[in-house]
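Only one structure is covered here, and it is reproduced in the block below.
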Amino acid sequence: MQRPKLVAALVVLGVLIAGIALGVAADRVVCDSRHERTADSRAYWDRIGKEWGLTTAQRQVIDSLMDAQREKITAIYTPLRPSLDSASARAHEVSDSTMAHLRLVLTPEQREKLDTMRAEMRRREAARRARRDEDLAKIR
């Protein structure tokens, strides 16, 4: 009797982890902070510039091209934002329901760990969304 509960809990946990990974990946692809990506991109090109011996003029052209690319990609995804937000809200409902069921099979100590993990994920997600919203407001 105990083994089926354990298997069910592991399946639910696996689905939860897969959902979180998918959500994080989609969020990064679609709406991650431009500032973060700009900083990452500039750091990448700083490193490449040193390795390849790029001139200042080449770096200016590369930076300009990368900025233009970010603007164009953001413009592509901006109209999709309402649909993505709606899907995200529904996914949160499913996740919350799954968590409620998952909590039933966890010990109190395990529930604490789950709550801590979820709170940290939600905090990071809220910070990413806030940065994204700031970036979108600057574009409009």
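Could you tell me whether Arg42 is over 18 Å from the mean Cα position of the chain (by Cα), modelled with pLDDT under 85 and surrounded by 11 or more Cβ atoms within 10 Å (Cβ to Cβ)?
It is true that Arg42 is over 18 Å from the mean Cα position of the chain (by Cα), modelled with pLDDT under 85 and surrounded by 11 or more Cβ atoms within 10 Å (Cβ to Cβ).
With Arg129, Arg123 as the choices, which residue is at pLDDT below 90, assigned to a helix (DSSP H, G or I) and either farther than 28 Å from Val7 by Cα or not acidic (Asp, Glu) (or both)?
Result: Arg129 is the single residue among Arg129, Arg123 that is at pLDDT below 90, assigned to a helix (DSSP H, G or I) and either farther than 28 Å from Val7 by Cα or not acidic (Asp, Glu) (or both).
Per-residue answers, yes or no, for (1) surrounded by fewer than 13 Cβ atoms within 10 Å (Cβ to Cβ); (2) of a type in the set (Phe, Trp, Tyr); (3) in contact (Cβ under 8 Å) with a residue 24 or more places away in the chain; (4) over 18 Å from Val12 (Cα atoms):
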position: Arg47; (1), (2), (3), (4): yes, no, no, yes
position: Gly53; (1), (2), (3), (4): yes, no, no, yes
position: Gln58; (1), (2), (3), (4): no, no, no, yes
position: Arg70; (1), (2), (3), (4): no, no, yes, yes
position: Ala126; (1), (2), (3), (4): yes, no, no, yes
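Suppose we filter region 87-133 for residues that are of a type outside the set (A, V, I, L, M, F, W, C) and over 16 Å from the mean Cα position of the chain (by Cα); how many remain?
Count: 16.
Is it the case that some residue within region 97-112 is in contact with a Gly (Cβ under 9 Å, 6 or more places away or on another chain), part of a helix (DSSP H, G or I) and either farther than 20 Å from Leu10 by Cα or touching a residue at least 60 places away in the same chain (Cβ under 8 Å) (or both)?
yes
The values are calculated or read from the model by the stated rules, or taken from the named source; none is laboratory data. The structure presented is a predicted model; accordingly, all values stated were derived computationally and were not measured. Neighbour counts are summed over all protein chains in view; Cβ atoms, including those assigned to glycine, are modelled from backbone coordinates with ideal geometry.
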